[in-house]
Amino acid sequence: MATVHARLETPQPQRLLTRLGRHWGHKFEVEMEAGRLLVPFSDDARAWLQASDAVLEIRIEHPDQTGVDKLKGVVADHLQRFSKDEVLVFEWS
């Protein structure tokens, strides 16, 4: 299983998490509660997000690295669109 993490500093982590959860809630069985979001893209690929004061933590799992790389782009693209004018900087590890 390939995994990647990002720590995204933003003044609006909860807002981004909520918007992403509502958006993907129409397509996936998301689980959202108290600053946490789980997006099950499939049975074996998922993203976890957790919001704190000024940070959004992101973890993505996929059976292979190619899938992780694709999901990194999908998650980053959606969060950037939801952030409006803020330019988000993703530092994946």
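I'd like the full set of residues that are touching a Phe, Trp or Tyr at 6+ places or on another chain (Cβ under 6 Å) and of a type in the set (Gly, Ala, Ser), limited to the stretch 1-56. Passing the criteria: only 6.
Pairs linking a residue in the stretch 60-83 that is free of Cβ contacts under 8 Å to residues at least 12 places away in the same chain and open to solvent by 20 Å² or more (accessible area, probe 1.4 Å) to a residue that is aliphatic (A, V, I, L, M) and part of a loop (DSSP other than H, G, I, E, B), with Cβ atoms under 9 Å and 6 or more positions apart or on different chains, are 80/87; 80/88. Restricting attention to the stretch 84-93 and to residues that are without any contact (Cβ under 8 Å) to a residue 40 or more places away in the chain and over 17 Å from residue 22 (Cβ atoms), the residue that is farthest from the chain's Cα centre (by Cα) turns out to be 85.
Okay, residues lined up against (1) open to solvent by 40 Å² or more (accessible area, probe 1.4 Å); (2) closer than 19 Å to residue 1 by Cβ; (3) assigned to a strand (DSSP E or B); (4) hydrophobic (A, V, I, L, M, F, W, C):
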residue: 14; (1), (2), (3), (4): yes, no, no, no
residue: 38; (1), (2), (3), (4): no, yes, yes, yes
residue: 44; (1), (2), (3), (4): yes, yes, no, no
residue: 49; (1), (2), (3), (4): no, yes, yes, yes
residue: 53; (1), (2), (3), (4): yes, no, no, no
residue: 57; (1), (2), (3), (4): yes, yes, yes, no
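Within the stretch 65-91, the residues that satisfy the criterion of being modelled with pLDDT under 95 and within 23 Å of residue 1 (Cβ to Cβ) are 90, 91.
Against the definition (of a type outside the set (A, V, I, L, M) and touching a residue at least 40 places away in the same chain (Cβ under 8 Å)), how does residue 7 come out, yes or no? Show your work before the answer.
Working: of a type outside the set (A, V, I, L, M): yes; touching a residue at least 40 places away in the same chain (Cβ under 8 Å): yes.
Considered against the rule, which asks whether it is of a type outside the set (A, V, I, L, M) and touching a residue at least 40 places away in the same chain (Cβ under 8 Å), residue 7 comes out as yes.
Of all residues in the stretch 16-25, exactly one satisfies the criterion of being without any contact (Cβ under 8 Å) to a residue 60 or more places away in the chain, closer than 11 Å to residue 79 by Cβ and crowded, with 16+ Cβ neighbours inside 10 Å, namely 17. Of all residues in the stretch 36-93, those satisfying the criterion of being polar (S, T, N, Q) and closer than 11 Å to residue 13 by Cβ are 50, 52, 83. Being more than 11 Å from the chain's Cα centre (by Cα) and touching a residue at least 40 places away in the same chain (Cβ under 8 Å) is a description that does not apply to residue 34.
The values are calculated or read from the model by the stated rules, or taken from the named source; none is laboratory data. Worth saying up front: this structure is predicted, and the values here are computed from it rather than measured. Heads up, the Cβs are rebuilt from the backbone with ideal geometry, glycines too, and the neighbour counts pull from every protein chain shown. Just so you know, the surface numbers come from the protein's heavy atoms only, side chains and all, with ligands and any DNA or RNA stripped out. Shrake-Rupley method; radii C 1.70, N 1.55, O 1.52, S 1.80 Å.
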